[in-house]
Amino acid sequence: MQFYRPTWAEVNLGNLAYNFRQIKKMVSSGTKIMVTVKADAYGHGLIPVSKKLASLKVDFLGVASIDEGIKLRQAGIKIPILVLGLIFKKDAPALLRYRLTPTVCDLQIALALDKEARKCSRPINVHIKVDTGMGRIGVLHQEALPFIEEVVKLKHINIEGLFTHFPFADMDRDFTSYQIGLFNRLVNDLKNEGIRIPLVHSANSMGVIGYRESHFNMVRPGLAVYGLYPREDLNGIKLRPVLSLKTKVVYAKRVPGGFGLSYGHTYITEKPSSVVTLPIGYGDGYPRNLSNFAPVLIKGKRFRISGNICMDQVMVDVGDFAVKAGDEAVLIGSSGKEKITVEELATLSATIPYEIVCGLGSRIPRLYI
Ligand SMILES: *Cc1c(COP(=O)(O)O)cnc(C)c1O
């Protein structure tokens with residue numbers, strides 16, 4: 001890949017494969033795995049990540065929208081794809097055309113899908129979403145049984161899956177167990193009514209790692225596959241970070257003490273210092289609220305972003321450390337003995353690791369290693 005600005009993200013597909021295998025070891029052998037690759041595979045690159053996962057025999061990919069699903073199909077990916085977000089009636093032809101599996105929790109939509117499937121003389125697989133306490137999409141669990149009984153009547157719809165989602169598996173054990181209980185009860189009620197749904201799933205990364213009883217016969221991790229932990233202090237699984245963010249010093253100069261840096265002069269040098277400029281900024285999704293907080297590694301030594309983060313550039317006061325244009329700087333990843341994790345940046349930025357990686361813009365080329 002040809003690019004001139006020396007700012008890039010390295011995506012280590014070997015580590016992705018390692019994490020996938022770690023997750024596989026945590027679930028029983030008959031349990032299928034869907035990896036969520038929405039939002040450009042959490043910023044890691046939809047197509048290269050999905051191709052790697054396909055080569056590792058992942059069972060399903062999860063995307064947020066039909067558009068993401070079509071991109072996968074156009075890249076030649078043939079494995080089943082669940083669209084986790086909702087669709088409109090008008091979208092039925094696209095789902096059939098690209099063989100994408102929709103999430104269903106509305107009878108009108110189910111009817112439109114049934115009609116379109118009949119027109120194509122091919123049944124359509126759907127997964128039904130049940131709300132056991134997320135309060136987002138999904139039929140309320142109390143109303144799920146009669147709803148499913150209606151959908152079962154539609155001849156051209158095949159209910160392949162049933163699923164639910166956890167709002168705080170990372171924080172509230174009791175609530176998550178309660179949700180699993182509600183979901184189990186529904187599965188049993190369906191069985192008693194003679195309705196058999198082949199795939200039952202609920203576990204996100206935290207579910208996979210922390211709740212054996214949430215695995216059912218398919219799990220749906222995202223974050224952990226990218227080597228990120230849904231919570232600190234998780235023993236029992238070792239993950240390897242997949243993404244590093246790197247750049248190079250484009251300019252270095254000596255400035256006097258008492259010298260203000262960047263917009264607003266929120267940083268003033270204490271003494272005569274070397275100040276370097278790095279070509280990355282909030283225009284790349286590097287959060288501006290990390291100004292004066294975020295660590296940076298240059299030649300194995302830890303520094304801090306100095307002054308406000310600009311749209312395309314940031315400065316670092318490196319004191320008397322010898323740094324010149326062309327030296328590498330690491331914003332996420334390791335250099336020498338030092339390491340900056342996505343989790344560390346997320347904490348400093350008062351957000352979650354998901355937002356840091358999803359936020360990295362398309363202006364940053366991804367290099368696959
Ligand atoms: C994104 C998503 C997941 C994966 O969650 P992680 O916390 O990244 O493991 C699972 N299920 C649904 C419905 C999702 O939207």
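From the backbone phi of region 196-206, what are the Karplus-calculated ³J(HN,Hα) couplings (6.51 cos²θ - 1.76 cosθ + 1.60, θ = phi - 60°) in whole Hz, Gly and Pro given as x?
Here the 3J(HN,Hα) series is 10, 10, x, 10, 10, 8, 8, 7, 7, 3, 5 Hz.
Which peptide among 223-232, 4-13 comes first, and what is the full order, when sorted by highest mean count of other Cβ atoms within 10 Å?
223-232, 4-13
Amide H neighbours of Ala329 under 5 Å, counting only residues 5+ apart in sequence or on other chains, H built in-plane at 1.01 Å?
HN-HN under 5 Å from Ala329: Thr247, Lys248, Val249.
Across region 243-368, how many lysine pairs, 8 or more positions apart or on different chains, have C-alpha atoms separated by under 26 Å? Please give the number.
Total qualifying Lys-Lys pairs in region 243-368 comes to 27.
Fewest first, what order do His165, His44 take by the number of other Cβ atoms within 10 Å?
Ascending Cβ contact count within 10 Å gives the list His165, His44.
Need one number: % antiparallel among DSSP beta bridges in the chain, to the nearest 5. Don't jump to the answer; show the numbers that get you there.
Numbers: 31 of 59 bridges.
About 55 percent, rounded to the nearest 5.
Please get the size of the charge dipole for the chain, origin at its Cα centre, with Cβ charges of +1 on Lys and Arg and -1 on Asp and Glu, quoted in debye to the nearest 20.
Here the size comes out at about 1320 debye.
Give me, ordered by chain and number, the residues 5 or more places off Thr36 or on other chains with an amide H under 5 Å from its own placed amide H.
Here Gly62, Gly222 satisfy the definition.
With each run of n ≥ 4 DSSP H residues scored as -39500 (n - 2.57), what mean residue ellipticity at 222 nm is computed for the chain after dividing by its residue count and rounding to the nearest 500 deg cm²/dmol?
My calculation for the chain gives -8500 deg cm²/dmol from helical runs alone.
What ranking, highest mean first, results for peptides 289-300, 17-28 when packing means the other Cβ atoms within 10 Å averaged over each residue?
289-300, 17-28
Mind checking which lysines have their Cα closer than 30 Å to the Cα of Lys57? Skip sequence neighbours fewer than 8 apart in that chain.
Lys24, Lys25, Lys32, Lys38, Lys71, Lys78, Lys129, Lys191, Lys238
In whole Hz and in residue order, list the ³J(HN,Hα) couplings for region 254-260 that follow from phi through the Karplus curve 6.51 cos²θ - 1.76 cosθ + 1.60, θ = phi - 60°; x for Gly and Pro.
8, 10, x, x, x, 9, x
Please report the net charge: other residues with Cβ closer than 12 Å to the Cβ of His156, K and R +1, D and E -1.
Details: positive: Lys115, Arg118, Lys119, Arg122, Lys153, Lys155; negative: Asp114, Glu116.
My count for the surroundings of His156 gives +4.
List the residues whose amide H sits under 5 Å from the amide H of Ile81, counting only those 5 or more places along or on another chain, with H placed 1.01 Å from N in the peptide plane.
Leu61, Thr101
Using each residue's phi in region 348-363, evaluate 6.51 cos²θ - 1.76 cosθ + 1.60 at θ = phi - 60° and report the 3J(HN,Hα) Karplus result to the nearest Hz, with x for Gly and Pro.
In residue order, the calculated couplings are 5, 8, 6, 9, 10, x, 3, 5, 5, 6, 5, x, 4, x, 6, 6 Hz.
Among Ile180, Cys120, Ala203, whose Cα projects farthest towards the positive end of the dipole of region 31-226, with charges put on the beta-carbon of Lys, Arg (+1) and Asp, Glu (-1)?
Selected residue: Cys120.
With +1 on the Cβ of every Lys and Arg and -1 on the Cβ of every Asp and Glu, and nothing else charged, how large is the dipole of region 243-368 about its Cα centre, in debye rounded to the nearest 20?
Its charge dipole is roughly 340 debye.
With helices defined as uninterrupted DSSP H runs, which ones in the chain have an alpha carbon span along their own long axis of at least 15 Å and mean Kyte-Doolittle hydropathy of at least -1.0?
Helix filter hits for the chain: 13-26, 107-119, 141-152, 173-192.
The numbers here are math on the coordinates, done by the rules we state, and not lab data. All values reported here derive from a predicted model rather than from experimental measurement. Glycine also receives a Cβ, built like all others from the backbone with ideal geometry; neighbour counts cover every protein chain displayed.
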